[in-house]
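The next block holds one structure in the form of structure tokens; read it before the comments.
The values are calculated or read from the model by the stated rules, or taken from the named source; none is laboratory data. Remember, predicted model here, so these are calculated numbers, not experimental data. Virtual Cβ from ideal backbone geometry, glycine too; neighbours counted across all protein chains shown. With ligands, DNA and RNA removed, areas are computed over all heavy atoms of the protein, side chains included. Shrake-Rupley method; radii C 1.70, N 1.55, O 1.52, S 1.80 Å.
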Amino acid sequence: MVEIEFWMEELAGKLEGRFGPRLLFLGLQGSYGRGEAGEDSDIDVVTVLDRVELSDLDAYRAVVRELPEGERACGFLCGAAELKSWPKYDLLAVARDTRDVRGSLADLLPPFGREDLARAAAIGASGIYHAAVHTYLYGPREGWPGFLNGAHKGAFFTLRALHELRTGENVRAKRDLLPLLSGDEREILAYSLSDTGEEPEAAFARLLRWSAAAMAESG
């Protein structure tokens, strides 16, 4: 597995050498950022430059590919102005899931309010509901396990937004959020952490039940 602290420090040094003061922020999100990475985990990097042109993307890609395991890098990159203009419901996931490595992401973000958090939760839940219905109706049964794994993994971000909406507390890691949940919510998060071996119909039914309730609560 990647020694992520060393990897990010090496990336930071190379990006600072290439972009200088134009590099406004570098951070880590995803499973490595939350301390939940496995052998096959991607490295989710968050980068903000003063501006982004196509030549900057070429230069960034070249820097990343020089690093060991650079092919595993993915994530979010934009310019400062775009960050300020980004839809807040979508930007909340970046804000809540990113650990600073260089600079302060909070200093570059617009302010967030309760309405933004509720919208993020509602859009996340509606997306899962729609995808679950579509896949159950039209997707081949052999593809259901892959969909269910992805849907439960994605549900974490909506569960986290709902918890913050209720309590005001942002819980970054799945293992920390799990004991704070109950019922369908707890079972959905537990599913994302390990293979439960249950029948897919039961997992679909729970996703539909939960996402409908989440939309009603946050919409």
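For the reader, a short list of remarks on this structure follows.
- Exclusive hit being buried (at least 19 other Cβ atoms within 10 Å of the Cβ) and not polar (S, T, N, Q), set LEU180, LEU207: LEU207
- Residues of the stretch 70-87 satisfying the condition of being out of contact with any helix residue (DSSP H, G or I) (no Cβ under 9 Å at 6 or more places or on another chain) and assigned to a strand (DSSP E or B): CYS78
- Note on the stretch 131-168: among residues that are buried (at least 17 other Cβ atoms within 10 Å of the Cβ) and among the small types (Gly, Ala, Ser), the one that is nearest to LYS88 (Cα to Cα) is ALA161.
- Just one of (1) crowded, with 18+ Cβ neighbours inside 10 Å; (2) at positive phi; (3) not polar (S, T, N, Q) fails for GLY103. It is (1).
- Being in contact (Cβ under 8 Å) with a residue 24 or more places away in the chain and either open to solvent by 70 Å² or more (accessible area, probe 1.4 Å) or under 24 Å from ALA173 (Cα atoms) (or both) is a property that holds for ALA93.
- Restricting GLU199, GLU217, GLU142, GLU169 to residues that are among the acidic types (Asp, Glu) and under 21 Å from the mean Cα position of the chain (by Cα) narrows the list to GLU169.
- When the criteria are applied in full, ASP107 meets the requirement of being assigned to a helix (DSSP H, G or I), at pLDDT 95 or above and among the acidic types (Asp, Glu).
- Of the residues in the stretch 76-86, not one is more than 24 Å from ALA121 (Cβ to Cβ) and among the charged types (D, E, K, R).
- Lone unmet requirement of (1) touching a residue at least 40 places away in the same chain (Cβ under 8 Å); (2) over 25 Å from SER192 (Cβ atoms); (3) over 19 Å from the mean Cα position of the chain (by Cα) for TYR136: (2)
- When the stretch 183-204 is filtered for residues that are under 25 Å from THR98 (Cβ atoms) and open to solvent by 50 Å² or more (accessible area, probe 1.4 Å), only LEU193 remains.
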